[in-house]
Number of protein chains: 2
Amino acid sequence: MDEQKLTNIAELGEFGLIDHLTKDIKLTQKSTVAGVGDDAAVLKTGGRKYMLVSTDLLIEGVHFDMAYTPLKHLGYKSAIVNFSDMAAMNGVPTQIVVGLGISAKYTLEAIEEFYAGIKKACELYKVDFVGGDTSSSLHGLFISVTVIGEVEKDKITYRKGAKPSDILCVTGDLGGAYMGLLLLEREKKVFRANPDMQPDMEGREYILERQLKPEARTDMVRKLKEKGVVPTAMIDISDGLASEALHLAKSSDAGVVIHEEHIPIDHVTFDTAREFSIVPAVAALNGGEDYELLFTIDQKDYEKIKEMPGISIIGYITEAAEGNRLITSDNQQIELTAQGWDALKKQKSKPF
Amino acid sequence: MDEQKLTNIAELGEFGLIDHLTKDIKLTQKSTVAGVGDDAAVLKTGGRKYMLVSTDLLIEGVHFDMAYTPLKHLGYKSAIVNFSDMAAMNGVPTQIVVGLGISAKYTLEAIEEFYAGIKKACELYKVDFVGGDTSSSLHGLFISVTVIGEVEKDKITYRKGAKPSDILCVTGDLGGAYMGLLLLEREKKVFRANPDMQPDMEGREYILERQLKPEARTDMVRKLKEKGVVPTAMIDISDGLASEALHLAKSSDAGVVIHEEHIPIDHVTFDTAREFSIVPAVAALNGGEDYELLFTIDQKDYEKIKEMPGISIIGYITEAAEGNRLITSDNQQIELTAQGWDALKKQKSKPF
């Protein structure tokens, strides 16, 4: 009998697993500028720009539910979540390759819809679809997208560059994608209980779109460039504001303070959260999948960004010793903790 | 009722599906040199070299069977099949990113073994592991590897450059990986029937290694460079010699002739094929997964390669009108047809 204790992966969580598996990786290629640990790897090519590479998996039953996910939207979103990683490095996507494992329940017409969504995203973001691999799978749809992007060498932004007194900013509004998900899950249950019921989605189009058809904020990368602002650190919000802010602070060896009242939340998100008895800021902090950009700027750049539409100042960076804090709307100071997907695993069936 | 006829994907086969889905893709990025349709996409970076990108999926129950695949070997092979795509462009791999979907049956220790295999391949081939994504999956292991590589601009080799009278060459020997697979499948059945039976693998190590732990022929890329030979066209043998030769001929708008008696086959492969009542050349032509390089050279380079160890001259290129032909050992001329994985789908459960 094997006496070695075997470890259940769920005990580590996604980030623990990645840290564990990649901790002893040695980089030897002179073209590798940065490897595991940011939104994308950074490569030197001999040209004027750095090349960026990132990969994301989307797995049926884990990341998406075919009961309410149109395949064209799924294709679109599969591309967008990767484009967002390029924006998080202050870069833009240029090419993608797509791996697709397809089970027997999918027809050619269904897969065409999926590709139509990918192609639409590529067209809108001016990205070339340059390759891929298709295979059968025994169970469901398995999507792997790898994106290549580029960024000028003096504009690249890592997670690690934030300094104490830097201003913490976020683009757009938060929590909408998560409330859209909860709404879809609720309507799925209603429909199962009574297939004659019509879904009650009126006026909720905004949060449904946030969940089913998000956008990557490459527009903000362009606008920051036009203003002459290079963020000191940046990350995209795939796992919820709290989780991403903690990543950014940890990578920068700093602390972070977020003011709850400054977290931007759309009124549809707000109303739907209330209806679900969820504190709206909690949807923003822990919900995820908003694909907005969370970034820090030096105080000298404050004047340049304070009037920029679509950017909210939500906090600031401190010394690491001061910890990570949330200042609540009633002025309480509490520790900022990451729940992100880990805490939501029951809803999302994403155990790590 | 929807009157539209829906299409079963298996009707198209893998290559039909890829052609169908990618036929209307437009490329707009000035950095894209070549997209879908070769072993890798080719990107221009402003540097002296082209960058190459390729992606491959490996799906449990389709591409591998956990009953006889050690996880460390699986990690190694996942990297190698991608490195081989770089060799097929006359390039070398430089970085990889790995996506991994993991079902609950896998422990941390099992996944560590898989990563150990990937890292071993990276170490031996001097490739940097620069990123990835991990997720849970509901069913089995899903592996997605994307490789980045490089090649000097004047050395890049596509599938499309073969000209009539070019010499057709192949590295190493063929059919071994397929015979290794059949051997493993047979022993699995024997073991299931009687778990006390010891597997009869003695003297078959070579073909087991060809199946479980293949190598990418980047060494041949280096040797050809040392000899000053740039192939006119090249492809790696993942789907069997016949299928790959037809790809190369079609891409080059040419015909191909292969002499059966010149196909290099190792004696272990030969003996095992005979034992399984398979014509050894058929294992080479249709078996696949050998990851050798099939390439063409201009006749002027004949003197340079004729004495190179590990290279066999197996045929030549003709005008397209002459068709694709196999000259059998008893001097019959038959049409060369691609069976590859499609024909082997029952053995490999790979429907397309």
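Just so it is clear, none of the values below were taken in a lab; they were calculated from the coordinates. Keep in mind the model is a prediction, meaning the values are calculated, not measured. Ideal geometry is used to build each Cβ from the backbone, glycine not excepted, and the neighbour counts take in all protein chains shown.
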- To one decimal place, what Kirkwood hydrodynamic radius in Å is obtained for region B:9-155 from all pairs of distinct Cα atoms? 16.5
- Item | Within a Gaussian network of chain A (alpha carbon springs, distance under 10 Å), most fluctuating of A:Val53, A:Val190, A:Val268 | A:Val190
- Message: Within a 10 angstrom radius of the beta carbon, how do B:Arg204, A:Arg48 rank from fewest other beta carbons to most?
- Response: A:Arg48, B:Arg204
- At R0 = 51 Å the Cβ-Cβ FRET efficiency linking A:Arg274 and B:Lys126, nearest 0.05, sits at 0.35
- Message: Need the list of lysines near B:Lys304 for cross-linking: C-alpha distance under 24 angstrom, and skip anything on the same chain fewer than eight residues off.
- Response: B:Lys153, B:Lys155, B:Lys160, B:Lys163, B:Lys223, B:Lys225, B:Lys227
- Average partner coverage of A:59-66, which counts Cβ from other chains inside 10 Å: 3
- Message: Could you list B:Glu113, B:Glu292, B:Glu319, B:Glu215 so that the one with the fewest beta carbons within 10 Å of its beta carbon is first and the one with the most is last?
- Response: B:Glu319, B:Glu113, B:Glu215, B:Glu292
- Task: Describe numerically, in nm with one decimal, the distance between label points set 7 Å from Cα along Cα→Cβ at B:Lys23 and at A:Ser329.
- Result: 5.6
- Message: At a 10 angstrom cut-off on C-beta neighbours, averaged per residue, how do the peptides A:239-247, A:326-334, A:103-111 rank from highest to lowest?
- Response: A:239-247, A:103-111, A:326-334
- Query: What residues qualify as long-range amide H neighbours of B:Asp266, i.e. H under 5 Å apart, gap of 5 or more or another chain, H built at 1.01 Å from N?
  - Reply: B:Leu174
- Compute the Kirkwood hydrodynamic radius of the protein assembly as shown, taking the inverse of the mean of 1/r over all pairs of distinct Cα atoms, and give it in Å to one decimal. 26.8
- Query: If you place +1 on the Cβ of every Lys and Arg, -1 on the Cβ of every Asp and Glu, and leave all else neutral, what size is the dipole of region A:66-185 about its Cα centre, to the nearest 20 Debye?
  - Reply: 220
- Write down the percent of antiparallel bridges among all DSSP beta bridges whose residues are both part of the protein assembly as shown, to the nearest 5. 80
- Note on the structure: Expressed in nanometres to one decimal, the distance between label points 7 Å along Cα→Cβ at A:Glu209 and B:Glu109 is 5.2
- Task: Determine which lysines satisfy two conditions relative to A:Lys188: a Cα distance under 25 Å, and not lying fewer than 8 residues away in the same chain.
- Result: A:Lys72, A:Lys77, A:Lys105, A:Lys213, A:Lys345, A:Lys346, A:Lys348, A:Lys350
- Which order do B:Leu248, A:Leu183, A:Leu6 fall in if you start with the one that has the fewest other Cβ atoms within 10 Å? A:Leu6, A:Leu183, B:Leu248
- Item | Selected from A:Ala177, A:Val97, A:Pro214, residue furthest toward positive end of dipole (chain A; charges at beta carbon) | A:Val97
- Item | Dipole magnitude of the protein assembly as shown, debye to nearest 20 (Cβ charges: Lys/Arg +1, Asp/Glu -1, about Cα centre) | 1280
- Per-peptide average of other Cβ atoms within 10 Å, ordering B:170-176, A:18-24 highest first: B:170-176, A:18-24
- Ignore the peptide's own chain and count Cβ atoms of other chains within 10 Å of each Cβ in B:114-127; give me the average, rounded. 2
- Provide the FRET efficiency to the nearest 0.05 for the A:Lys189-B:Val282 pair, computing r from the beta carbons and using R0 = 51 Å. 0.40
- Query: Any idea what the B:Glu261 label distances to the other copies are, label 7 Å down the Cα→Cβ vector, nm, shortest first?
  - Reply: 9.2
- Item | Cβ-based charge dipole, region A:10-155, positive-most Cα from A:Thr22, A:Gly140, A:Phe64 | A:Thr22
- Task: Rounded, prolate or oblate: pick one for region B:213-255, where a ≥ b ≥ c are the square roots of the eigenvalues of its C-alpha gyration tensor, a/c under 1.5 means rounded, and failing that, prolate if a/b is larger than b/c, else oblate.
- Result: oblate
- Can you give the net charge of the other residues whose Cβ lies under 9 Å from the Cβ of B:Pro264, counting K and R as +1 and D and E as -1? -3
- Exercise: per-residue mean of other protein chain Cβ atoms within 10 Å, B:39-51: 5
- For label points placed 7 Å from Cα toward Cβ, what is the shortest-first list of nm distances from B:Gly323 to its copies? 8.1
